[in-house]
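Participant: This is the structure I want to talk about, given as structure tokens.
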Amino acid sequence: MGYDAKFKVWRGDTEGGELQDFTVLVNEGEVVLDIIHRLQATQAPDLAVRWNCKAGKCGSCSAEVNGRPRLLCMTRMSTFTPDEVVTVTPMRTFPVIRDLVTDVSFNYQKAREVPSFTPPVDLKPGDYRMQQADVERSQEFRKCIECFLCQNTCHVVRDHEDNKQAFSGPRYLMRIAELEMHPLDVADRRDLAQEDAGLGLCNITKCCTEVCPEHIKITDNALIPMKERVVDRKYDPIVWLGNKLFRR
Ligand code: SF4
Ligand code: F3S
Ligand code: FES
């Protein structure tokens, strides 16, 4: 059975905007993105929303529903009671382009700052066999669909625009950890993580992990192990002596 739902949708652009009220039909089994599409079809043809797969796999439709970072295509209307007002706003951490579409280029910039996979120079194809445990470790991180919900949620940048320069965010700290833990990667990424990517700013609140639609254990499996590696190095007496002697 369908019903009429009350929606508030943020409309605006770089100059500013406001929530607009809509009453819109909801059918059984629909998700929030269906309702946004119905709004476009019936009441607001110029409403901007980014989407692609409608299957939780392209990472395009990230926004905030009732203040919670969500994929619009994976948020079922049955989550809400029929009399509940559903508020849809753009991701807060990134600049708005128009309506529900934000400029996520911060993330592309941070991706470019991570040096690529660095295998030993003399390694020939077929020379190396990886352990299954190593394969599985990076496969978890590779499930990332780049929705940037974790980047949007982390309080280090969500409420502190000025931290963006010094902090790569959970998605790219996870990428650094993935490469650091890769048995074939010979680059030492610990200084990069700590000094350039702002690992020290992460205080393990785990909000990133909570919003990840791929259920990647970002904090437990990437950020905390990476912090342990950085600390191990700092307190390693040989490294300490080397730093004293050669890094003045
Ligand atoms: Fe999205 Fe999860 Fe990837 Fe972050 S780690 S960008 S929340 S899929
Ligand atoms: Fe931010 Fe996740 Fe750390 S939310 S503070 S990166 S645990
Ligand atoms: Fe692809 Fe939602 S439209 S993840």
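Participant: If the reach is capped at under 19 angstrom between alpha carbons, list the lysines near LYS217, excluding any in the same chain fewer than eight residues apart.
Facilitator: Partners found: LYS57, LYS143, LYS206, LYS227.
Participant: Skipping prolines and chain starts, which residues have an amide H placed within reach, meaning under 5 Å, of the one on ASP99, given they are 5 or more residues away or on another chain?
Facilitator: GLY12, ASP13
Participant: May I pose another question? If the chain between ARG68 and GLU146 were fully stretched, how many nm would it gain, using 0.36 nm times the residue separation less the Cα-Cα distance?
Facilitator: Working it through step by step, the gained length comes to 26.3 nm.
Participant: Once the piece of chain linking ASP127 and ILE97 is laid out straight, how much longer is it, given 0.36 nm per residue of separation minus the C-alpha distance between them?
Facilitator: Full extension from ASP127 to ILE97 adds 6.0 nm.
Participant: Additional query: Summing +1 for each Lys or Arg and -1 for each Asp or Glu, what net charge is found among the other residues whose Cβ lies under 15 Å from the Cβ of PRO119?
Facilitator: -4
Participant: Cβ under 13 Å from ASP34's Cβ, ASP34 left aside: what net charge do those residues give with Lys, Arg +1 and Asp, Glu -1?
Facilitator: Numbers: positive: ARG38, LYS54, ARG76; negative: GLU28, GLU30.
Around ASP34, the charge tally is +1.
Participant: Mean projection of the alpha-carbon convex hull of the chain over all orientations, in nm²?
Facilitator: With every direction weighted equally, the projected area is 17.1 nm².
Participant: For the peptides 218-224, 191-197, what is the packing order when you average, over each peptide's residues, the other Cβ atoms within 10 Å and list the highest mean first?
Facilitator: Going from most to least packed, we get 218-224, 191-197.
Participant: State to the nearest 20 debye the size of the charge dipole of the range 3-101 about its Cα centre, where the only charges are +1 on K and R beta carbons and -1 on D and E beta carbons.
Facilitator: Once rounded to the nearest 20, the dipole reads 420 debye.
Participant: Moving to a separate point now. Looking at the calculated P(r) for the range 103-246, what percent of the C-alpha pair distances fall above 17 Å?
Facilitator: In whole percent, the share of Cα-Cα pairs in the range 103-246 beyond 17 Å is 63.
Participant: How much net charge surrounds ASP46 when only other residues with a Cβ under 12 Å from its Cβ are counted (Lys, Arg +1; Asp, Glu -1)?
Facilitator: Charge balance in the 12 Å sphere: 0.
Participant: Additional query: Kindly rank 208-214, 181-187 from highest to lowest mean number of other beta carbons found within 10 Å of each residue.
Facilitator: Details: 208-214: 20.6, 181-187: 15.7.
Averaged packing, sorted descending, gives the order 208-214, 181-187.
Participant: Further question: What order do you get for 72-85, 160-173 when each peptide is scored by the mean count of other beta carbon atoms within 10 Å, highest first? Kindly include the intermediate steps, with their values, before the conclusion.
Facilitator: Details: 72-85: 15.1, 160-173: 19.4.
Ranking the peptides 72-85, 160-173 by packing returns 160-173, 72-85.
Participant: Quick one: in the range 16-163, what % of C-alpha pairs are over 20 Å apart?
Facilitator: Pairs farther apart than 20 Å: 58 percent.
Participant: Nearest 20 debye, what's the magnitude of the dipole of the chain about its Cα centre given +1 on Lys and Arg Cβ and -1 on Asp and Glu Cβ? Intermediate results must be reported in sequence, preceding the final value.
Facilitator: Working: 34 positive and 37 negative charges, 126 e Å.
With Lys and Arg at +1 and Asp and Glu at -1, about 600 debye.
Participant: Taking H as built 1.01 Å from N, whose amide H comes closer than 5 Å to the amide H of VAL31, not counting residues under 5 places away?
Facilitator: Long-range HN contacts for VAL31: MET77.
Participant: For every helix of n ≥ 4 consecutive DSSP H residues, a contribution of -39,500 (n - 2.57) applies; sum these over the chain, divide by its total residues, and give [θ] at 222 nm rounded to the nearest 500 deg cm²/dmol.
Facilitator: -8500 deg cm²/dmol
Participant: Calculate how large, on average over all directions, the projected area of the Cα convex hull of the range 3-101 is; give the answer in nm² to one decimal. Don't jump to the answer; show the numbers that get you there.
Facilitator: Working: hull surface 23.2 nm².
Mean projected area of the Cα convex hull: 5.8 nm².
Participant: Okay, moving on. What dipole magnitude, in Debye to the nearest 20, does the range 103-246 give about its Cα centre under +1 on Lys/Arg Cβ and -1 on Asp/Glu Cβ?
Facilitator: 100 debye
Participant: Under 5 Å between amide H atoms, partner at least 5 residues away or on a different chain: which partners does ARG70 have, H built in plane at 1.01 Å?
Facilitator: ALA63, GLU64, VAL65
Bear in mind that the values in this text are calculations on the coordinates, not laboratory data. This one's a predicted model, so the numbers in the text were calculated from it and none came from an experiment. Because the Cβ atoms are built from the backbone with ideal geometry, glycine has one as well, and the counts that use them run over all protein chains shown.
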